[in-house]
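Accompanying notes for the structure given below.
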Amino acid sequence: MSTRRETRLAFWFLLPSAVVLLAVVGYPFLYNIWISLTNWNMFHFRDPSWNNFAQYGYLWREMTDFSGASDFWRIFLKTFAWTGINLVFHFVLGLSAAMLLNQKLPGRTLYRALLILPWAVPQYISALTWRGMFNAEYGAVNLILAKVGLEPISWFSGEFTAFGAAIITNIWLGFPFIMVIALGGLQSIPEELYEAARIDGAGPVRRFFRITLPMLKPVLMPALVLGTIWTFNNLNVIWLVTDQGLPADKSHILVTYVYKAAFFYYRYGYAAAFSVFIFLVLWMIVRMYNRVARTEAY
Amino acid sequence: MRRAWRQVWLHLGVWAFVLFSVYPVLQVLTTSLRPGDQLYSTELNLIPDNWTFDAYRIMLTEKPFLLWMRNSIIVALGTALIGVVLASIGGFALSRYRFRGHGAALQGILMTQMFPATMLLLPLYLLMRKLYLVDTLGGVMIAYVATALPFCVWTMKGYYDTIPVALNEAALIDGCSPLQAFVRVTLPLSAPALVITGLFSFMTGWSEFMVARVMLNSKELMTLPLGLESLFTTYQTEWANYAAGSLLVSLPVVVLFLLLNRYLVSGLTLGSVKG
Amino acid sequence: MKILLRASFLLPVLLIAGLAVSCGRVDHSRRVILWEQMDPKEQEEYDRHLAGFRAAHPEFADFQFERVHYRPEDLQTQFQTAALAYGGPSLVYGPADKVGVYAIMGLLMPIDDLLPAEEIARFDPQALPIINDKVYGLPDNVGNHLTLVANMALMDSIPDNTDDWLRQLRETTIDADGDGKPEQYGLVFNLLEPFWLVPWLGGFGGWVMDEEFRPTLDTEAMVGALDFLKELKDSRVVPLECDYPLADTIFMEGRAAYIINGPWSWQGYRDAGLDIRLAPIPRVSETGKWPTPMTSAKCFSVNAYLNEETRACTAALLEFMTSTRVQLELARSLSVQPSDLEARKDPYIMQDATLRASRDQIDKGRLMPIVPEMRAIWDAMRPNYQSVLNGELSPDEAARRMQQRAETMIKRMRE
């Protein structure tokens, strides 16, 4: 399909990206696989030795321990819940905001600038601020709930409420990103299509699902796939909002668990094996995406 | 009449979002105006008693804030420029040309994001050290470009997919080389995607902390996130300064977004409509 | 034409890359670098003393000295990462328990290899981090101990036993408008970290580990301590959910009678205008024992891969920063206890009110173990302690789980 000349151009076009990615990600990835096959921990820090698949054995042990001592499956399911709920809200809110801001509105530019603030403000302070807002006695969230007549919630005392607090924070942090992408995508939808649909008698809902969504798909797909991966592996927000896993270490997802294994217990071999596991899980998820979506991306 | 109602609903909707987005940021503002270093307060006022701009003054004069900003600008702009260039050409290749390994390349780019970043840092440091890129802004830039590339390449590719091939082919027939066709025809049409790519790459370089922490050790090279983090100690943190710094750090991003906003509106309005 | 286009693509890229790569190349040959996690005041003191060092040692005039500040978690990861590549700073400053970890990893040079034995004998042996019979750090102060801090504007006297103290706490918790949220609390402290649990563990007669470094968490003492803290929370003399920043804020606003906090915070409260007095945490009435907050030293340690050229200078700097004179000055400005035995005999140290009260508490405290097992123990205590306060676990069950978890994690760490 492509001429020789074009193939050559394609090669040169892809080369710089490939070099950068192979160096910065490819090499560390292979290195990690090596680490996962050693016994690297604090007692063998300078001289780790070959350990075959022992670390994977420990991971297996963790996974098959149903005596209650292992938190593996709880953490595993939590990660999926975390990812799914976040994505749904990111997209719904991001799309809604984009559609609102696409309309002719006085002060539209100002509104866009304001709505981008969650993305612009450094994540660390935002997460901590939200944590303060969820404080049971003094937090803004409970104060607002009280004003509306609802019962204040002890957010960080319960497993699900703490999780909810982290999710709400992450939704706040993430929706502007989708909004910006959707805004960009909305620009390329020709007005004529809407006109034609309107003339044909299609209502706003119909127009959205038949025109807007399909035309946004190519632009939103990368965001969806990558958003899934990023949210799945998002360490910072949970760590900061729940103060390392409140309450009682119950708010962990897979990556925070890996982080603890590596940097609190110095079990680097184990953490590497666990990371490979996470990688495989994500790979399978993305493969499923491809099968279900069957987009023209392929 | 109906139009008026529509306007009202629109405004209400927008204001709901604005409130949601802005309220926590106002809390940060309050912290920055509060004397003494307190993150929380039991008072509810937006403007605290004895409010003061001290934190801002301290950040701008007593701390090397401008130095941090200089470094961050270099890194972020560099990341944005390199990122846009690499993504625009890489995405184009993946969109237009079907070659052997096409699918693998797409998947491969995606796979680079799947491995937890925390574990990649150590080997990255070791590699960068071998390349003498540790403690340089260039090394950090390269790492950021790699972080931002997958999304940017995919986005550009997705966008290119919506631009009719016919336009390209018309240019080729007119005697342009593939490269010229790309630069003269395709690129201008992808302005919104370029904006997103540029903004995203810039943000990656501007607000990232972990990689910078590992790679940069010299005080002269600290970027803004590193500078802000230096205000933390075991228990006592200069919260007011940190909050003030955070808001100052957010400003350029908002400004950048405002500047680029109008390019989000181009695309087909540039007069290349088919037919 | 084509080549021109291609070149114009690459030019800006190369330009920026070149710029960035070249700027910031630093020459490390005659640099003595310190990585630390100090508080701002400690940093100031260090800089001041560094100037003194340079004045006193003109032979090192062509050396450059640099201090890089890190957050505690970051310092550890950074140092490990850098040391793996045989790089890193010349000196590291941090708490003694981190030194234990670095030593086991093989990242540190024993002080015995750098300074003569007489120098090391200057220090309180209790404060020296020793792993496998080698000293791996030199402390410049001892402390970090939780102490009872009272806001004297809200009371007349400080009880010395928990029964009287609890009574006073109830009296000083005032909810004038009856909305369930007290305007004034009797006590605030960080309810989340087991660091605040440990003193009470000692007060009820227990401790975190035995001489063989095995965890001893499933004990009557632990149950007693957990019970006591649960009671504190249930009687609502402390806020519902209280983390460190909140406790700090409430006390600073003058809305709490007591706070339990460490030396790093006291001056801040004074600066805020509060009339505070320090006292030992009250004796537990049931057992008659004094609570034992953990004390630890902060040390300078030396990188195992110390650059040969900087060896002499580093050794001299190390000696200077932990010298008797400097420790006395630190004690004056930061209200910390010296680790140097001579310095402790100094009249100022003996007589200053704050230092005396502080020492009172230290004497009743206990040294924090620096072995890596401690990490597993903290991690085992934290979630179960929080569950007790939430009402989700009974103290008995929590103690049992703590022990189990600690033992498992210690085993795993060694795998």
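What the table below lists for this structure:
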quantity: Filter result (in a helix (DSSP H, G or I) and farther than 11 Å from B:L260 by Cβ) within region B:201-212; calculated: B:S201, B:M203, B:T204, B:G205, B:W206, B:S207, B:M210, B:V211, B:A212
quantity: Filtered residues of region A:216-229 (kept if closer than 15 Å to B:P116 by Cα and more than 7 Å from chain B (Cβ to nearest Cβ)); calculated: A:G227, A:T228
quantity: Search result, residues across region B:135-150 that are farther than 23 Å from A:F277 by Cα and crowded, with 22+ Cβ neighbours inside 10 Å; calculated: B:T136, B:L137, B:G138, B:G139, B:V140, B:M141, B:I142, B:A143, B:Y144, B:V145, B:A148, B:L149
quantity: Per-region count, region B:201-241, residues in contact with a strand residue (DSSP E or B) (Cβ under 6 Å, 6 or more places away or on another chain) and more than 11 Å from chain C (Cβ to nearest Cβ); calculated: 0
quantity: Scope region C:167-206; condition touching a residue at least 40 places away in the same chain (Cβ under 8 Å), assigned to a loop (DSSP other than H, G, I, E, B) and out of contact with any strand residue (DSSP E or B) (no Cβ under 7 Å at 6 or more places or on another chain); matching residues; calculated: C:N190, C:L191, C:L192, C:E193, C:L197, C:F204, C:G205
quantity: Qualifying position, being under 30 Å from B:A181 (Cα atoms) and either surrounded by 15 or more Cβ atoms within 10 Å (Cβ to Cβ) or touching a Cys at 6+ places or on another chain (Cβ under 6 Å) (or both), among A:L9, A:L15, A:L37, A:L87; calculated: A:L9
quantity: Subset of region C:249-264 (residues that are in contact (Cβ under 8 Å) with a residue 40 or more places away in the chain, assigned to a helix (DSSP H, G or I) and either at the interface with another protein chain (Cβ under 10 Å from one of its Cβ atoms) or not aromatic (F, W, Y) (or both)); calculated: C:I250, C:P263, C:W264
quantity: Single match in C:D113, C:D156, C:D74 (criterion: more than 14 Å from chain A (Cβ to nearest Cβ), at pLDDT below 90 and over 25 Å from C:E309 (Cα atoms)); calculated: C:D156
quantity: Residue, surrounded by the fewest Cβ atoms within 10 Å (Cβ to Cβ), within region A:47-83, restricted to residues that are farther than 15 Å from A:V258 by Cβ and among the charged types (D, E, K, R); calculated: A:D47
quantity: Test: residue in region A:66-76 that is more than 12 Å from chain B (Cβ to nearest Cβ), in contact (Cβ under 8 Å) with a residue 24 or more places away in the chain, within 28 Å of C:Y86 (Cβ to Cβ) and not β-branched (V, I, T); calculated: no
quantity: Selection within region A:150-166 - buried (at least 16 other Cβ atoms within 10 Å of the Cβ), of a type outside the set (G, A, S) and not in a helix (DSSP H, G or I); calculated: A:P152, A:I153
quantity: Check on A:A166, farther than 21 Å from B:A193 by Cα, of a type outside the set (F, W, Y) and away from chain B (no Cβ under 12 Å); calculated: yes
quantity: The one condition in (1) under 18 Å from C:K298 (Cα atoms); (2) over 18 Å from the mean Cα position of the chain (by Cα); (3) outside any helix (DSSP H, G or I) that C:V92 fails to fulfil; calculated: (2)
quantity: Test: residue in region C:79-93 that is within 12 Å of chain B (Cβ to nearest Cβ), closer than 23 Å to C:P263 by Cα, modelled with pLDDT under 85 and surrounded by fewer than 19 Cβ atoms within 10 Å (Cβ to Cβ); calculated: no
quantity: Residue among C:A353, C:A343, C:A331, C:A399 that is crowded, with 22+ Cβ neighbours inside 10 Å, more than 20 Å from the chain's Cα centre (by Cα) and farther than 16 Å from C:A225 by Cβ; calculated: C:A343
quantity: Single residue of A:F13, A:F29 found to be touching a helix residue (DSSP H, G or I) at 6+ places or on another chain (Cβ under 6 Å) and among the aromatic types (F, W, Y); calculated: A:F13
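Listed here are the residues, each with its yes/no results for (1) at pLDDT 90 or above; (2) touching a Phe, Trp or Tyr at 6+ places or on another chain (Cβ under 7 Å); (3) outside any helix (DSSP H, G or I).
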{"residue": "B:A105", "(1), (2), (3)": "no, no, no"}
{"residue": "B:L124", "(1), (2), (3)": "yes, no, no"}
{"residue": "B:R129", "(1), (2), (3)": "no, no, no"}
{"residue": "B:L133", "(1), (2), (3)": "no, no, yes"}
{"residue": "B:V140", "(1), (2), (3)": "yes, no, no"}
{"residue": "B:A148", "(1), (2), (3)": "yes, yes, no"}
{"residue": "B:G158", "(1), (2), (3)": "no, no, no"}
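The values are calculated or read from the model by the stated rules, or taken from the named source; none is laboratory data. A quick note: this is a predicted structure, and the numbers were derived from the prediction, not measured. Note: ideal-geometry Cβ built from the backbone for every residue, glycine included; neighbour counts use all protein chains shown.
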